[in-house]
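Here's the structure we're looking at; comments come further down.
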Amino acid sequence: METRHRILLVDDEPGLLETYQQILGQLPSRPEIQTAASGARALAMLEAQPFRLLICDLKMPKMDGLQVLSIVRRKHPSLRTVVLTGVEDEQFRSRAYALGVDLYWNKPTSEQEIRMFLECLESLLGRDAAEGFRGVQSKSLMDIIQLECISQSSSVLRITNGPLTGKVWIQDGELIDAEAGDQRGETAFQKILSWKAGNFESRPAEPNRPRAIFKSYNAVLLESAQALDELQGGVSAEGAPVPTKSPLAELSQVEGVEFVLAMLPGESRYQVARGLENPERMAKWARESIDRFRELGHRLNAGPLESIQAQGPQRHATLACQGKAEFCVGWKHSMTPDRIREMMKKVLSLWVS
């Protein structure tokens, strides 16, 4: 019989304990959830029986959350720990990550935030510590950076991978610099992004940091993913790296490209996606839009669909068909319609080549 994991939820407010106990009841693995209304009670329960995960509030009387986490890290080093707090303070966040917590999460206030929180918890319950980044183990490092940028955060991410250490500077949702050893800028960022496991912590922003990365974060992530794809082809007989031919081999160099999504008709998923924080949602929108315009073309006897160009307040996008493939390409907002049409032709020609 499979053993259910145990979660210990700690908060000094009984109403919140009850609310979050109900929320945690939605976890797919159906863990056993126990509660404690104080830090002292939580420590006693941890001594009495094994737990897989501790979820702890920060502001509590007598013994606060950071004190609890400090003791837990010494006495129960294998226990996964999560901070769930209403305190939006970068110093608290940095101190919590310095204690080795796996996740720091502000108390969710929407269905989407609750869903993301539960996804992260489920990953922590089921994943061993061999891979992933402590902090958000359900996400890759690229996902972590995207989340910081999407939320318009200002912070410094410090990433460690064994003896290696790197930093990524984010200001108002934009990448401004990276550092890994003696490397800086995009070169350092690509090196950091190649690390598959390790630890990360979010530190207070450094607004006076000189900017060394001038592209949008979507463009930098796209190019970095492209570079990593090309380095995964193995080695030659002489032991030299052999790049693999990526479907996106040169697309990241096309002027104005921010993201690329490629799909095959009839497939339920996208085939290739780069530079998107939510490719499934974009793929669904792209498929529906292409199908609707294709049907409209049939009704009007206008011939086969070639492309659709959409312009919005934040980004521009082009939908196009090339052979059996369907594409959605995002463009910088500064691109003109004529320039987008010209560059889209280049994207399609590079893909088939």
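Coordinate-derived values only; no laboratory data. All values derive from a computational prediction rather than experimental measurement. Here the Cβ is made from the backbone with ideal geometry for all residues, glycine too, and neighbour counts use every protein chain on show.
Remarks
- Under 26 Å, Cα to Cα: Lys pairs in the range 1-139, sequence gap 8 or more or different chains: 5
- Of the residues ILE213, ILE170, ILE23, ILE150, the one with the fewest other Cβ atoms within 10 Å heads the list, and the complete ranking is ILE150, ILE23, ILE213, ILE170.
- Length gained on full extension, LYS59 to GLU13: 15.5 nm, using 0.36 nm per residue less the C-alpha separation.
- Sorted by Cβ density within 10 Å, fewest first, the residues CYS120, CYS328: CYS120, CYS328
- Per-residue Cβ neighbour rank within 10 angstrom, fewest leading, VAL68, VAL156: VAL156, VAL68
- In order along the range 46-59, phi translates into HN-Hα couplings of 5, 6, 7, 7, x, 10, 8, 8, 10, 10, 10, 6, 8, 8 Hz, rounded to whole numbers, per the Karplus curve 6.51 cos²θ - 1.76 cosθ + 1.60 with θ = phi - 60° and x for Gly and Pro.
- Listed pairs LYS167/LYS191; LYS215/LYS345; LYS284/LYS345; LYS215/LYS332 exceeding 18 Å between Cα atoms: LYS215/LYS345; LYS284/LYS345
- The range 1-76 - Debye-derived log10 I(q)/I(0), Cα point model, q = 0.14, 0.21, 0.25 Å⁻¹: -0.43, -0.92, -1.20
- Segment GLU342-ARG315, length gained on full extension (0.36 nm per residue, minus Cα span): 8.0 nm
- Using distinct alpha-carbon pairs, which all enter the 1/r mean, Kirkwood radius of the range 1-139 in Å: 15.0 Å
- Rounded, prolate or oblate (a/c below 1.5 giving rounded, otherwise prolate when a/b exceeds b/c) for the range 60-102 by Cα gyration tensor: oblate
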